[in-house]
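S.K.: First, the structure itself, so that you have it in front of you.
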Amino acid sequence: YRDKPVAVGHSSTDKSSPQEFVSRSKNSSSELSTCNYIARKFGLRKGMFLGDAIQLCPDLVVLPYDFESFEEVSAVVAEVLHEYAGKYNRYVEVVSCDEAYVEIYVEPEDYTGNDIYGFLYSIAEEIRKDIFKHTECTASVGVGQNKLLAKLGAERVKPDACCVVKDWMHFLDGLSLRKIPGVGYKFQKKLEPHGITDVNNVWDLGDEAEKGLEGILGHGNARNIVKYCHGEDSRPVTPGPRKSIGAECNYGVRLNGPYGVDYMMMGLAK
């Protein structure tokens, strides 16, 4: 279904016949869990009622949840990310089945010349290629000096590209506040009457930005939003326990001799 509008939602029919489910569900109040980018061109979004989605996109294919496959692919992706984190002596924080942060530490001798951003771009591309190789799933990768910029970078190039944020101010210029973590629909409606709709409006408030937003959203929210609007994010990448480990070898493991199963298992244990 790569070239069709597809959404994921509750289904009571055979997985092989998603179209039958759609044709009988135009009045359904079931919510869509997610949808692909082709479907989003029709105005569909996650959380939308299925019946409304069908009205906007009559040819929509709705697939049932497949949690077993979700977990399987997510584990493979996590394994790829752990490999790169290990290679560059840092950590992986898995946020959900389709989102994670990878912290890496790069030494000057890891790359040639002065193009650190080009080197980081090449790492991001290698990660995407490895994910596709093992899962046939596309991935977007954002690279930044903190979680905020990395996530916004990935969001900007979805569903299949990478983005390296070099200059936070240039990158955030003109960005809608709805893209900033913590600014949802309710906060948006509170800010709009004050003419505050994008990052630039917060910049224009200068040193009074936090005080101005505090009267609208409260102290804690104001402080965080102002920091985010200036590309600041001190949240650490917090590694979780690794649930699996995998390895590949391109030679046959002999059961006897000095480099047999015991040798290989000891190497994995390290």
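The values are calculated or read from the model by the stated rules, or taken from the named source; none is laboratory data. Every value quoted in this text rests on a predicted model; they were computed, and no experiment measured them. All Cβ positions, even for glycine, are placed from backbone atoms using ideal geometry, and neighbour counts span all protein chains on display. Heads up: the accessible areas ignore ligands, DNA and RNA and are worked out on the full protein's heavy atoms, side chains in. Shrake-Rupley method; radii C 1.70, N 1.55, O 1.52, S 1.80 Å.
S.K.: Would you calculate the separation in nanometres between label points at TYR88 and GLU155, each defined as 7 Å from the Cα along the Cα-to-beta-carbon direction?
M.R.: 2.2
S.K.: Full-extension gain between HIS134 and GLU107, please, as 0.36 nm times their residue separation minus the C-alpha to C-alpha distance. Let's see the in-between values first.
M.R.: On the way: separation 27, 0.36 × 27 = 9.72 nm, distance 2.82 nm.
Going from the current span to full extension adds 6.9 nm.
S.K.: In terms of the ratio Rg/(2.2 N^0.38 Å) built on C-alpha atoms, what value belongs to the stretch 33-87?
M.R.: 1.57
S.K.: Name the residues of the stretch 143-172 whose amide N is less than 16 Å from a point 7 angstrom out from the Cα of SER234 along the C-beta direction?
M.R.: The answer is 146-148, whose backbone nitrogens lie closer than 16 Å to the label point.
S.K.: For the stretch 67-207, what does the relative contact order come out to in percent, with C-alpha contacts under 8 Å and a separation of six or more?
M.R.: Relative CO of the stretch 67-207 lands at 14 percent.
S.K.: Also, quick follow-up: Say R0 is 30 Å: what FRET efficiency, to the nearest 0.05, do LYS211 and GLN145 get from their beta-carbon distance?
M.R.: 0.65
S.K.: While we're here: Give me the one-decimal nm value for the distance between modelled label points at SER33 and MET265, 7 Å along each residue's Cα-to-Cβ direction.
M.R.: Computed distance between label sites SER33 and MET265 equals 3.7 nm.
S.K.: Among the listed pairs LYS129/LYS227; LYS46/LYS189; LYS46/LYS133, which are separated by more than 32 Å between their Cα atoms?
M.R.: Going by Cα-Cα distance, LYS129/LYS227 fall outside the 32 Å limit.
S.K.: Where does each of TRP168, TRP203 land when they are ordered by accessible area, with a 1.4 Å probe and the largest first?
M.R.: Values: TRP168 75, TRP203 50 Å².
Sorted by accessible area, descending: TRP168, TRP203.
S.K.: Further question: Once every DSSP H run of n ≥ 4 in the chain is given -39500 (n - 2.57) and the sum is divided by its residues, what mean residue ellipticity at 222 nm do you get, rounded to the nearest 500 deg cm²/dmol?
M.R.: -12500 deg cm²/dmol
S.K.: Each label point is 7 Å from the Cα along the Cα-to-Cβ direction; what then is the distance between the points at LEU175 and ILE116, in nm?
M.R.: Roughly 2.0 nm, to one decimal.
S.K.: Quick query: amide H of VAL164 versus all other amide H atoms, modeled in the peptide plane; which residues come in under 5 Å with a sequence gap of 5 or more or a different chain?
M.R.: Here VAL143 satisfy the definition.
S.K.: Also: By average Cβ neighbour count within 10 Å, what is the ranking of 173-183, 64-74 from highest down?
M.R.: Packing order, densest peptide first, comes out as 173-183, 64-74.
S.K.: Further question: For the chain, count the residues as N, evaluate 2.2 N^0.38 Å, and divide the Cα radius of gyration by that value, please.
M.R.: That ratio works out to 1.24.
S.K.: Tell me the Kirkwood hydrodynamic radius of the stretch 149-227 in angstroms, computed as one over the mean inverse distance between distinct C-alpha pairs.
M.R.: On the way: mean 1/r = 0.0754 Å⁻¹.
It works out to 13.3 Å.
S.K.: Work the Kirkwood hydrodynamic radius out for the stretch 68-214: mean of 1/r over every pair of different alpha-carbon atoms, inverted, in Å.
M.R.: For the stretch 68-214, inverting the mean 1/r across all distinct Cα pairs yields 17.2 Å.
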